[in-house]
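Peer 1: Sharing a structure below in C-alpha cells format, with a few things to ask.
The values are calculated or read from the model by the stated rules, or taken from the named source; none is laboratory data. Just so it is clear, the structure is predicted and the values come from calculations on it, not from any experiment. Each accessible area value is taken on the protein alone, full model and side chains, heavy atoms only, with ligands, DNA and RNA left out. Shrake-Rupley method; radii C 1.70, N 1.55, O 1.52, S 1.80 Å.
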Amino acid sequence: MVAVSDNLRADCGSCFGLCCVAPAFAVSADFAIDKPAGRPCPNLGTAFRCGIHRDLRQRGFTGCTVYDCFGAGQHVAQVTYGGRDWRQVPGTASEMFAVFPVVRQLHELLWYLREALTLPAARPLYPDLRAAYARTERHAGGEPAALLALDVAGLRQGANVLLRQASELTRVRVERRLDRAGTDLSGADLRGTDLRGASMRGAYLIGADLTGADLDLADVTGADLRGARLGGADLRGSLFLTQAQLDAARGDAATRLPERYTRPAHWG
C-alpha cells in the first residue's frame, strides 16, 4: 500500500496526460472543441505535454487552466499502473481512463479531509476525520479492479457528514450566518456583502460580483466561482477554498487571499 497523503498536488510531469484524454469536452465557454471521453485532445503531444499550454485561455481552453486532479494523475500513472503508460501498453488504456476519475474523486476527498484537520474548532472531530482520511487513503492505493468496484458516492456521503460538522463548529462563532448552500446566485450583485460565516456550499456564483465582499469563515465547498469578480474581496479565512476556484474567478491586486494560495496570473 502506497501512502498518498503528501501527494495531493498535480505533478503533470509524472502523469500520462490523463486529464487530456479521460474526460469528455464539449464546445462551450470553457472548451473550444468537442472531445469524447477516452480520446486524446488533439493538442496533446507525444511526450504527454500540451502543445498550447501557454496560450490555453487565448485559444478557448479556459477549462483546462482551472482543472485540478489533486495529484490523481501521477498517482494513477506511477502507482496504480507502475509507470506503464497507455500508449506503450494499449491494453491498459480503457481501464486506466476509467480508474482516473475514481482516484481523482478520492484525492479530492482527501484534500477536504486534510483541510478539516487544520481547523482548531473541529478538534472534537479529529479522531473521526483521521479515520475517514485513512480509509479513503487505503482505497486510493487499491488495485484497478477494487477502485472500479468502489462505492465512491457512499464514501463521499459519509465523509461529507464530518466535513459539514467541521464547518459548523468553525462557523458557529459568527452570530449572523447566511445559508446560501446550493443557491443559484449566477450574475448576482453581491458587492460589499457581509458573507462572514455563510454557507456557500455548492452555490452557483458564475459571473457574480463579489467585489469587496467579506468571506471570512464562509464555507465555499464546491461553490462555482467561474467568472466571479473578487476584486477587493477578503477570502483569507474562507473554508475549503481551492486553488481551482480562484483560477476560475477574476480578482485583482486588492483581493486578499490566504498566504498558501497563488494569485492567478490572469488576474493581472
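Peer 1: Whole-Hz ³J(HN,Hα) for each residue in segment 56-64, computed from phi via Karplus 6.51 cos²θ - 1.76 cosθ + 1.60 with θ = phi - 60°, x for glycine and proline: what do you get?
Peer 2: Going residue by residue, I get 4, 5, 5, 9, x, 10, 4, x, 5 Hz, with x marking Gly and Pro.
Peer 1: Now, a different point. Rounded to the nearest 500, what is the chain's calculated 222 nm mean residue ellipticity when only DSSP H runs of at least 4 contribute -39500 (n - 2.57) each, over all residues? Could you put the intermediate results ahead of the total?
Peer 2: Details: 7 runs with 79 residues, N = 268.
Counting only the DSSP helices, I get -9000 deg cm²/dmol.
Peer 1: To one decimal place, what Kirkwood hydrodynamic radius in Å is obtained for segment 38-171 from all pairs of distinct Cα atoms?
Peer 2: Details: mean 1/r = 0.0598 Å⁻¹.
About 16.7 Å, per the Kirkwood formula over Cα pairs.
Peer 1: What's the carbon and sulfur percent of the chain's accessible surface, probe 1.4 angstrom, rounded to a whole number? Show your work: numbers first, answer last.
Peer 2: Working: 6550 of 12960 Å².
Its accessible area is 51 percent carbon and sulfur atoms.
Peer 1: Accessible area per residue, 1.4 Å probe, Å², for the chain: what's the number?
Peer 2: Values: 12960 Å² over 268 residues.
Solvent-accessible surface per residue comes out at 48 Å².
Peer 1: Return the inverse of the average 1/r over all pairs of distinct C-alpha atoms in segment 117-252, which is the Kirkwood hydrodynamic radius, in Å to one decimal.
Peer 2: Numbers: mean 1/r = 0.0626 Å⁻¹.
Computed over Cα pairs of segment 117-252, the Kirkwood hydrodynamic radius comes out at 16.0 Å.
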